[in-house]
Amino acid sequence: MSKDSQLFTAKCCIVSIALAAVPAWAADVQSGIDEFNPNVNGYVNAIAVAVDAKVVIGGFFTMVGGQPRTNIALLHPDGSLDRAFNPSTFNAWASYSSIADLAVQDDEKLLVAGEFRSSTGQRLSGLVRLNLDGGLDTTFNPQTDGWVARVEVNADGKILIGGNFNTVNGEPRKGLARLNSDGSLDSGYNPNVGISVNDFAMKPDGAIAFPTYGLATDRVRMVCVSSEGDLSWCFEEGVEQSNDPISTFALLPDDKFVLSRRNDFGFYLVRLQSSGVDPTFHVGAGLWAEGLVVQPDGKILVAGGNTNYW
């Protein structure tokens, strides 16, 4: 394995798993490494770093650190629960509501994306905003007719959302939309992707990329959307070389992609470049990934598993 393709040590893998979408027992495994043990009794799907290096977690759970918390909690840097942060909004919603993604705005308000329903089962908007004290920001009220799986704040403060929705604020926007910072729809951005977009990677120039089936092709390909909303393929036809499903992916600083793919024999990682699959990128077979994070030094943290590491 080459130095630049070395993905993780055992510690990185376990830490990533504990902080990604895994059950509470994984937190106990992780605590033996660096004592970070929030003790969550369910699944954590999203993490965001808030003010003072505190960590917001979101997912599908009811207890954190032995205290009742419905799907969202704020942790101190050591993993202990911040008891002052307890948004009552989520306590009143249906027990099958869940949080898929989190993002912090420049004013430190918290964007919360997911599947939300009232106590009577009525579908609510898939994106809400919380104030610093955890209270619901009622001035922010974008309306989606489905759940939001991904939220990201642009450098200019605008908000990109992806998910399983058809309209935003009453306007047609299938799967992908951009909002102004106040929650109003950015009417100038309409890629018209025509499919659900459950994940995407943000490029430095404000463009995004995501994998797709069925967009003018029966193959799995990477799609790029410019900051103006123009749609194009990220690579020329045939570069991807495979139609195997993509479970997760990450954009590298050199405009390459790392993809976690699955075939009949299991999971594997590949690195894509403009000329095709990079033959110098070797990580072995059997590695499956639920999440990939690229560090500033170019190394990649993998949340998932591999029998070679357990």
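The values are calculated or read from the model by the stated rules, or taken from the named source; none is laboratory data. Since this is a predicted model, take the numbers as computed values, not measurements. Note that each Cβ is placed from the backbone with ideal geometry, even for glycine, and that neighbours are counted across all protein chains shown.
Look at region 237-254 and say how many of its residues are assigned to a loop (DSSP other than H, G, I, E, B) and either at pLDDT below 85 or assigned by TED's automatic domain parsing to the domain that holds Ala209 (or both).
The number of residues fulfilling the criteria is 11.
Can you tell me which residue among Gly162, Gly183, Gly121 is assigned by TED's automatic domain parsing to the domain that holds Phe85, surrounded by 19 or more Cβ atoms within 10 Å (Cβ to Cβ) and on the phi > 0 side of the Ramachandran plot?
On inspection, the qualifying residue turns out to be Gly183.
Output the qualifying pairs, or none if there are none: Cβ atoms under 9 angstrom, residues six or more apart or on different chains, first residue in region 244-260 and on the phi > 0 side of the Ramachandran plot, second residue outside any strand (DSSP E or B) and surrounded by fewer than 21 Cβ atoms within 10 Å (Cβ to Cβ).
Asp255/Lys203; Asp255/Ser274
Listed here are the residues, each with its yes/no results for (1) in contact with a helix residue (DSSP H, G or I) (Cβ under 9 Å, 6 or more places away or on another chain); (2) in a helix (DSSP H, G or I); (3) at pLDDT 80 or above; (4) crowded, with 17+ Cβ neighbours inside 10 Å.
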position: Phe8; (1), (2), (3), (4): yes, no, no, yes
position: Ala26; (1), (2), (3), (4): yes, yes, no, yes
position: Ile33; (1), (2), (3), (4): yes, yes, no, no
position: Leu74; (1), (2), (3), (4): no, no, yes, yes
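Considering region 154-187 alone, what residues qualify as being farther than 24 Å from Asp107 by Cα and part of a loop (DSSP other than H, G, I, E, B)?
Result: Phe165, Asn166, Gly170, Arg173, Lys174, Gly175.
Return yes or no: is Pro204 under 20 Å from the mean Cα position of the chain (by Cα) and free of Cβ contacts under 8 Å to residues at least 12 places away in the same chain?
yes
With Phe165, Phe140 as the choices, which residue is farther than 20 Å from Val55 by Cβ, at pLDDT 90 or above, under 19 Å from the mean Cα position of the chain (by Cα) and not acidic (Asp, Glu)?
Phe165
Out of everything in region 35-59 that is in a strand (DSSP E or B) and surrounded by 21 or more Cβ atoms within 10 Å (Cβ to Cβ), what residue ends up being farthest from the chain's Cα centre (by Cα)?
Result: Val40.
From Val197, Val270, which residue is over 30 Å from Leu136 (Cβ atoms), surrounded by 14 or more Cβ atoms within 10 Å (Cβ to Cβ) and modelled with pLDDT of 75 or more?
Working: Val197 fails: over 30 Å from Leu136 (Cβ atoms).
So the residue among Val197, Val270 that is over 30 Å from Leu136 (Cβ atoms), surrounded by 14 or more Cβ atoms within 10 Å (Cβ to Cβ) and modelled with pLDDT of 75 or more is Val270.
Within region 79-127, which residues are polar (S, T, N, Q) and either in contact with a strand residue (DSSP E or B) (Cβ under 7 Å, 6 or more places away or on another chain) or outside any loop (DSSP other than H, G, I, E, B) (or both)?
Ser88, Thr89, Asn91, Ser97, Ser98, Gln105, Ser125
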